[in-house]
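The values are calculated or read from the model by the stated rules, or taken from the named source; none is laboratory data. Every value quoted in this text rests on a predicted model; they were computed, and no experiment measured them. All Cβ positions, even for glycine, are placed from backbone atoms using ideal geometry, and neighbour counts span all protein chains on display.
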Amino acid sequence: MVSTATTFSPADSEAALASHTGRMVLTPADPHASPQVGLLVEALVETGFVGERLEMSEAPAYRIGPGFLSLLAFAGCAVSIASDPDGQGGFCHIRIPPSWEHPHLLVGRNTRAPRCIGCRARLVDWRERAAHWASHPHAGVTCPSCGETRPPWLWDWKDQGGFGRLFILVEEIFPSEATPTPALFDLLIRASGTGWRHFYVQD
Ligand SMILES: [Zn+2]
């Protein structure tokens, strides 16, 4: 996370960081799975979840498509979706960064310590361990409470973070404001041959 506000001169950079609402992350349920991105994008465009490609700096980004709203279920009744990149603040779009070589941990300021799936104890020092996991893809984590050892992705991260090789990032969605519909999961499964799940992170 970028927290060195002094390196950004314009005040809006700080405002932009502070205003990150959140993103919904779609990723294969198996953190080792790395489906072919071309086929996925094709399916997402066909069904209208994804619209035209946006000219943004980093990873491929797309406008939301005409089927976007019908493929998500919204919790609130007053849904305001800004889809115009020229507007102030966040707007709704979809990014698909390149696949990671190994399961990668995606977290945000909303991420809490994961729980052992055996005894429910929290791994309180997970942030210190995260760098080690990044360079040791087969690391096991021994539960300080019950002594069982499991890879970090087999800990319970709830819907506040998680491991994967391929992530579809839906900006900007407040955690739990929207959830994928069964139809969205169906199309992801059809395009990839693997099951999917979702979680939320906030920068
Ligand atoms: Zn345990």
- Note on the structure: Out of (1) modelled with pLDDT of 80 or more; (2) under 27 Å from T194 (Cβ atoms); (3) of a type outside the set (A, V, I, L, M), the one E58 does not meet is (1)
- Task: Residue by residue through region 127-140, note down the ones that are within 23 Å of A33 (Cβ to Cβ) and within 16 Å of the ligand (Cβ to nearest atom).
- Result: G140
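Given the structure, is P152 within 16 Å of the ligand (Cβ to nearest atom), surrounded by 14 or more Cβ atoms within 10 Å (Cβ to Cβ), more than 26 Å from S70 (Cβ to Cβ) and modelled with pLDDT of 95 or more?
Working: within 16 Å of the ligand (Cβ to nearest atom): yes; surrounded by 14 or more Cβ atoms within 10 Å (Cβ to Cβ): yes; more than 26 Å from S70 (Cβ to Cβ): yes; modelled with pLDDT of 95 or more: yes.
Criteria met by P152.
Within 16 Å of the ligand (Cβ to nearest atom) and either in a helix (DSSP H, G or I) or among the hydrophobic types (A, V, I, L, M, F, W, C) (or both): does that describe R120?
Working: within 16 Å of the ligand (Cβ to nearest atom): yes; either in a helix (DSSP H, G or I) or among the hydrophobic types (A, V, I, L, M, F, W, C) (or both): no.
In short, no.
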- Query: Of the residues P114, P180, which is in contact (Cβ under 8 Å) with a residue 12 or more places away in the chain, within 14 Å of the ligand (Cβ to nearest atom), surrounded by 19 or more Cβ atoms within 10 Å (Cβ to Cβ) and not hydrophobic (A, V, I, L, M, F, W, C)?
  - Reply: P114
